[in-house]
Amino acid sequence: MIDFKEIIAKSIKEVLENQNNENLNQSQISLNDLKGYIEKPNNKENGDYAFPTFRLAKSLKKSPQIIANDIKETIKIENDKIEKMEVVGGYLNFFVNKKLLTKEVLKEINLKQEKYGESEEGKGKNIIVEYSSPNIAKEFHIGHLRTTLIGSALYNIYKYLGYNTIGINHLGDYGTQFGKMIEGYKRWGDEYNIEENPIEELTKIYIRINDLCKQDEKVLEQCRENFKKLEDGDEYCTKLWEKFRALSLKEFNKTYDLLGVKFDSLKGEAFYADKTKEVIDLLEKQGKLIESEGAKIVDLSEKGMPPCIICKSNGSSIYATRDLAAILYRARTYDFDKCIYVVAYEQNLYFKQIFEVAKYLGLDKKYTDGLTHVAYGMTRLATGRMSTREGNVIKVNELLNEAIKKVLDIINEKNPSLEEKEENAKKIGIGAVVFSNLCTTNIKDQIFDWNTVLNFNGETGPYIQYIYVRTKSVLEKAGKTPKLENVDLNLLNDEASQEVIKNLYEFNQTLQSVVEKNEPSILARYLIELAKSFSNFYNENKIICDDKELQEARVFLTYATGIVLKTGAKLLGIEMPDKM
């Protein structure tokens with residue numbers, strides 16, 4: 001499909017090169033730079049694309065408006081692709097050929113159907129996305145929800161753009177907390193039925209032993225010893241750990257199944273426990289490992305960071321050691337181009353430390369350059385921060401089931417005769433929760449509020465689903481979708497139709513922006529804009545009408561919109577109902 005930004009950027013680059021301006025040549029503005037400068041104007045009257053000339057003013061030693069006029073006068077651009085250009089201040093505005101845009105977009109959607117927007121730009125590139133990573137034997141609460149949903153959306157979108165994507169659930173299945181769990185189970189295991197309700201009962205044990213550790217330092221020391229025994233392969237500790245892990249995964253999978261989230265690997269911290277010795281050896285050979293108060297650390301003061309602890313004073317490994325071992329393993333196993341960690345921004349410093357220390361492991365620069373931390377904001381209760389230790393968490397399963405129940409209540413009240421009510425309630429309820437987590441930028445903190453999550457009005461998941469259902473209803477009334485070759489696309493020249501078409505055109509570029517910034521909210525916002533533009537088109541135009549040619553054109557545009565809404569929602573992890 002035609003890339004209008006590329007056409008505009010190439011034409012501007014040609015103008016600038018022909019000017020032979022020394023200062024500008026030295027700055028080496030690339031085609032990608034120019035393409036990146038091109039904006040989509042907020043005001044529709046300013047065209048479809050705008051090129052701001054302010055960045056060229058210093059090099060060309062001219063005012064932005066003069067530069068814009070100069071480019072307009074000398075640019076060579078096919079008029080079958082760009083209808084007209086206008087200078088407004090320091091902006092050169094471009095108006096694309098509506099007929100060509102309409103033909104290109106609808107032809108591509110007709111050809112590719114549910115694969116519209118898919119590409120092979122990532123072919124041959126390996127992308128690891130690490131997400132979710134809950135702690136074994138602890139509740140899967142809403143604090144884990146954003147990493148799970150952001151990571152899953154990134155996994156889906158990278159894969160859709162042709163990247164070989166590997167989704168990893170780096171389970172928190174190792175560490176001192178397991179020493180605590182083992183100690184708690186030793187003391188009170190008979191009092192709890194962990195087979196019947198594993199996570200809840202194990203959480204009770206964890207809270208109880210944690211409280212005891214606060215009161216008695218000797219108990220905490222016993223917990224540390226338990227973990228050391230686990231590292232050394234003690235039979236009793238290992239069997240308990242395996243039991244905790246298996247029961248926890250069984251419970252976690254109930255949540256993942258509800259959300260439709262999948263992984264290619266469940267290798268957690270424990271998998272790397274026997275691989276930490278190589279990390280320590282490599283750091284010692286590099287002369288980077290030093291002793292500090294009995295522990296072994298890497299000094300990062302030259303980088304303006306506190307030291308990175310590699311080994312505890314009792315010889316136990318720490319999560320940093322295991323993360324470094326994971327980087328080695330992943331580089332060798334997956335030959336990754338990018339390894340993305342979807343982890344809360346509270347760990348910003350930790351990942352800076354880890355990525356810096358990874359440079360001392362003898363890896364190719366390709367791997368260390370590809371280490372990427374995608375930080376996201378915390379989810380907090382209105383009353384403050386959640387904590388498993390304090391027992392004030394909201395479980396994801398309970399949240400999802402409550403959302404489904406509330407939607408079912410609404411359906412029973414407003415549309416009791418709806419078929420497959422339970423299945424529709426599930427899609428809408430879970431869609432509401434997923435969208436509410438993905439519609440704001442990753443880094444923004446969220447205050448959890450039932451009323452906000454389940455608000456089905458305005459810019460929400462259910463709104464997108466409702467507009468999709470409306471497209472299905474139109475197609476049902478029309479009886480059949482016309483063949484594109486029989487549709488007169490010139491009849492879609494009105495402003496409301498063109499706004500929908502322009503949004504449909506932006507789908508692939510939206511997906512590209514998501515992976516450039518690792519920001520699924522860009523797709524969520526796009527779907528809202530597409531839904532709004534279709535709603536306006538629906539209100540402005542009578543789709544089922546006496547003029548059969550006009551009806552066929554509008555029905556086909558409705559059909560195309562439904563395809564893109566469904567595809568985009570699926571990439572976010574939202575299923576579309578056929579009726580609401």
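Taking the stretch 522-565 as the range and being closer than 20 Å to L484 by Cα and basic (K, R) as the test, the residues that pass are K542, K548, R554.
How many residues does the stretch 65-113 hold that are among the hydroxyl-bearing types (S, T, Y) and either free of Cβ contacts under 8 Å to residues at least 24 places away in the same chain or part of a strand (DSSP E or B) (or both)? Selection size over the stretch 65-113: 1.
Of all positions in the stretch 167-182, none carries a residue that is over 30 Å from R380 (Cα atoms) and of a type outside the set (G, A, S).
Within the stretch 293-322, the residues that satisfy the criterion of being touching a residue at least 40 places away in the same chain (Cβ under 8 Å) and assigned to a helix (DSSP H, G or I) are K303, Y319, T321, R322.
Hey, can you tell me all the residues within the stretch 323-359 that are under 21 Å from the mean Cα position of the chain (by Cα), part of a loop (DSSP other than H, G, I, E, B) and of a type in the set (D, E, K, R)? Across the stretch 323-359, the qualifying residue is only D337.
Is it the case that the stretch 10-23 has a residue that's more than 29 Å from the chain's Cα centre (by Cα), under 24 Å from V564 (Cβ atoms), modelled with pLDDT under 95 and not in a helix (DSSP H, G or I)?
Here is the first cut: in the stretch 10-23, the residues more than 29 Å from the chain's Cα centre (by Cα) are 10-23.
Add one more test, that the residue is under 24 Å from V564 (Cβ atoms), and what stays is none.
Within the stretch 10-23, not a single residue is more than 29 Å from the chain's Cα centre (by Cα), under 24 Å from V564 (Cβ atoms), modelled with pLDDT under 95 and not in a helix (DSSP H, G or I).
So, K180, is that one surrounded by fewer than 22 Cβ atoms within 10 Å (Cβ to Cβ) and farther than 26 Å from S265 by Cβ or not? Answer is no for this residue.
Give the residue, chosen from E529, E499, E506, that is more than 30 Å from Y131 (Cα to Cα) and surrounded by fewer than 20 Cβ atoms within 10 Å (Cβ to Cβ). Break it down stepwise before answering.
Numbers: E529 fails: more than 30 Å from Y131 (Cα to Cα); E506 fails: more than 30 Å from Y131 (Cα to Cα).
Every option except E499 fails the conditions.
Looking only at residues in the stretch 417-431 that are within 25 Å of the chain's Cα centre (by Cα) and among the hydrophobic types (A, V, I, L, M, F, W, C), which one is surrounded by the most Cβ atoms within 10 Å (Cβ to Cβ)? Among those residues, the one meeting the criterion is I428. Screening the stretch 160-218 for residues that are free of Cβ contacts under 8 Å to residues at least 24 places away in the same chain and among the polar types (S, T, N, Q) and picking the one that is nearest to D335 (Cα to Cα) gives N197. Considering only residues that are part of a helix (DSSP H, G or I) and under 27 Å from A496 (Cα atoms), which ones fall in the stretch 38-64? K44, E45, N46, listed by residue number.
When you scan the stretch 42-59, do you find a residue that is over 28 Å from T372 (Cβ atoms), polar (S, T, N, Q), in contact (Cβ under 8 Å) with a residue 40 or more places away in the chain and in contact with a helix residue (DSSP H, G or I) (Cβ under 6 Å, 6 or more places away or on another chain), even just one? No, that holds for no residue. If the condition is being part of a helix (DSSP H, G or I) and buried (at least 16 other Cβ atoms within 10 Å of the Cβ), then the stretch 360-377 contributes Y360, Y367, T368. K477 falls short on exactly one of the conditions (1) farther than 22 Å from G562 by Cα; (2) surrounded by fewer than 19 Cβ atoms within 10 Å (Cβ to Cβ), and that condition is (1).
I290 meets all of the listed conditions (1) surrounded by fewer than 16 Cβ atoms within 10 Å (Cβ to Cβ); (2) without any contact (Cβ under 8 Å) to a residue 60 or more places away in the chain; (3) assigned to a helix (DSSP H, G or I) but one, namely (3).
Only one of the numbered conditions (1) loosely packed, with under 14 Cβ neighbours inside 10 Å; (2) at negative phi is not met by V279, and that is (1).
Residue under question is Y329, and the condition is that it be within 27 Å of Q177 (Cα to Cα) and touching an Asp or Glu at 6+ places or on another chain (Cβ under 6 Å); does it hold? In short, no.
When the stretch 132-145 is filtered for residues that are surrounded by fewer than 24 Cβ atoms within 10 Å (Cβ to Cβ) and either hydroxyl-bearing (S, T, Y) or modelled with pLDDT of 95 or more (or both), only S133 remains.
The values are calculated or read from the model by the stated rules, or taken from the named source; none is laboratory data. As the structure is a computational prediction, the values presented were derived from the model and not from experiment. Because the Cβ atoms are built from the backbone with ideal geometry, glycine has one as well, and the counts that use them run over all protein chains shown.
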